[in-house]
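The values are calculated or read from the model by the stated rules, or taken from the named source; none is laboratory data. Here the structure is a predicted model, which means the values were calculated and not measured. No Cβ is skipped: glycine too gets one built from the backbone with ideal geometry, and neighbour counts run over all protein chains shown. Each accessible area value is taken on the protein alone, full model and side chains, heavy atoms only, with ligands, DNA and RNA left out. Shrake-Rupley method; radii C 1.70, N 1.55, O 1.52, S 1.80 Å.
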Amino acid sequence: FATLLRTNDGGDTWVGQRQISGAPEDLYLFDLDGSAAGPTAAVGLAGSVLVSSEAGALWESRSVETTAGLFGIAWDAEHGVAVGDRGVIYVSSDGGRSWTDAKRPPLFNWLSAVAFASRTEAITVGERGAVLRSEDGGVTWEGMPGVNDNMTMRPWFGTEQDGTPDLPKLHSVIVDPR
């Protein structure tokens, strides 16, 4: 329930914060992104987005108007992309004060993670092997040619035990910007 832990000494000690200003009492959080040098954002159920510009000491609710759970966020100071249940993708360019529904292919798959490869390029992954790419900072998204349409890659995604019988769920993405 919305407990955030933070450290100021490289992980030797941790401080928990249970009460988060503007957040529902029964909030579940799933992902967080940011850096100690800049704002950090966390996402959770029912469109919940929390943003901290105080190294995690203070958090502000900047939620998206949706009932969908948000499972992943890519955050770069004022720019963020949040992904989640039913394939939702939201983008913000003002520090999370406002969120826009991104243009994306029709899909009902859960999207579970998103990462920036550069200031303009982002990749999101999710259920049934979904892999989408944006080249405009998250405003528009397309399936990745050669991944989504190539069932010979199915072994790369694990086994049926890792997701649905149709195709396992991809749960994280790490982008090497080289």
Among what's in segment 97-148 and is among the small types (Gly, Ala, Ser) and outside any loop (DSSP other than H, G, I, E, B), pick the residue that is surrounded by the fewest Cβ atoms within 10 Å (Cβ to Cβ).
Gly143
Of the residues in segment 85-96, those that are part of a loop (DSSP other than H, G, I, E, B) and surrounded by 20 or more Cβ atoms within 10 Å (Cβ to Cβ) come to Val88, Gly96
Quick check, is Ser35 modelled with pLDDT of 85 or more and of a type in the set (S, T, N, Q)?
no
Would you be able to tell me the number of residues in segment 30-50 that are over 12 Å from Ala68 (Cα atoms) and open to solvent by 10 Å² or more (accessible area, probe 1.4 Å)?
11
